[in-house]
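What follows is a single structure, written as C-alpha cells, with notes after it.
None of the figures in this text is laboratory data; all of them are computed from the coordinates on show. As the structure is a prediction and not an experimental result, all values here were calculated from the model. Cβ sites come from the backbone with ideal geometry, for glycine too, and all protein chains shown count toward neighbours.
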Amino acid sequence: MLIDQRGLQFAPRVRAMTLGQTLRFTNQDAETHNVHIENDFNQSMSPGQAHDFVPSRPGVLRLLCDIHSHMRGFVVVSASPWVRTCSRTGSFRFEGVPDGRYALNVWHEMGTQLRHEVVVEGDRSVRLEPLTLTVPEGSVPVAGFREYPIGEPRLRNAMQVAAVWLPPVGMEGMGEALGSDVIHLEADIRATEGNRNGFAKDEFVPYLKVAFSIVPTSGGPPIDQGEMMPMVARDGLHYGSSVTMPRAGSFRLIYRIQPPSSGGLGRRSDPVTGVAP
C-alpha cells in the first residue's frame, strides 16, 4: 500500500488496508517531510526517501506532517480482508465473499460511522440500496475547501511561519467573502523547539501584529495589503484576512510581524520566572 507525499499533500488522502499489510510512504517533493501517526510512527523523510510501516492494530490512523501543518491523511486498517475505499461517487465492490451474515461499516472523516447488515448466500450478487452517512451539523467544509501552501515555511526568531491560501470563507461579522477574485490568506505561526519566549514547541504564538502585502514580482505597487486578524477555525488558531486578487500573475507575499508585546501581551522579566523579550 502506497501513500505519496506530493504537492505538499498526502496522496491519496484516504487509504484502506488489511491488518498485516505494509504501508509505504514516499516523498516526491523537493523538500523534507515528516509522517507522524500518533505514537505509532514518526519519521522524517528527505526528498526521494521511502519508509515502510506495518500497523499493529486495526482502526483509523490519522496522518500528520509536523513540518507542514496543513497536511492531513487517513488510513483505515481492518482486521477483515474485505475493506475498500469508495469511488468518487461512493460506489464499491467486493468479490469472492463467502456465504454468511456480515456487518458493513462505512466511515468518512467528517461523518459518524454507519453500520449495515449484509447477507450473502449462494452465487447471487448483493446490491445495496444507497446508504446515507450523517455529517454532524457544522462539519461540512466550505465548498471546494483545500489549503494551498505559499512557498516554504520560514524559521524566524524561534518561530515557524507558514503561509497558505484557500477559497473564500465567511467570517463572523463580515458575512460571506465570495467572488472569483477573493481568497482567504492565512499565516500559521507556531513556536519551535527551544523557544525562549515562553511558548512550547508547536504552540500557536498569540498577540502578534501581522501585516501583509502582495506585490508583483515584476515590480510595482502592492495589489493588496493590510493587517491580518487572529481567528479560530476547525483546524485551529491562525492569523487571516480576505484578500482581493484582481488578476492572474506572479506575486510576492510579504509578512511583517511585530512581537506579542505590540498586541498587549505582558512579559515577566525577573531572573526566576521571566522569559526572553
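Here the gap between Val126 and Glu38, fully extended at 0.36 nm per residue and compared with their Cα-Cα distance, gives a gain of 27.9 nm. With both labels modelled 7 Å from their Cα along Cα-to-Cβ, the Val272 to Glu227 distance reads 3.7 nm. Here r is the Cβ-Cβ distance between Asp66 and His108 and R0 is 22 Å; the resulting FRET efficiency, rounded to 0.05, is 0.30. The distance between label points at Thr89 and Glu117 comes to 3.0 nm (points 7 Å beyond Cα on the Cα→Cβ vector). Annotation for Asp235 and Leu155: the two label points, set 7 Å from Cα along the Cα-Cβ direction, are 2.3 nm apart. Of the residues Val205, Val83, Val120, the one that moves most in a GNM of the chain with alpha-carbon contacts below 10 Å is Val120.
Scaling against 2.2 N^0.38 Å puts the C-alpha radius of gyration of the range 148-263 at 1.09. Considered as an equivalent ellipsoid built on the Cα gyration tensor, the range 2-85 has semi-axes of 22, 12, 11 Å, the largest given first. The ellipsoid equivalent to the alpha-carbon distribution of the chain has semi-axes of 42, 24, 19 angstrom, derived from the gyration tensor eigenvalues as √(5λ) and listed largest first.
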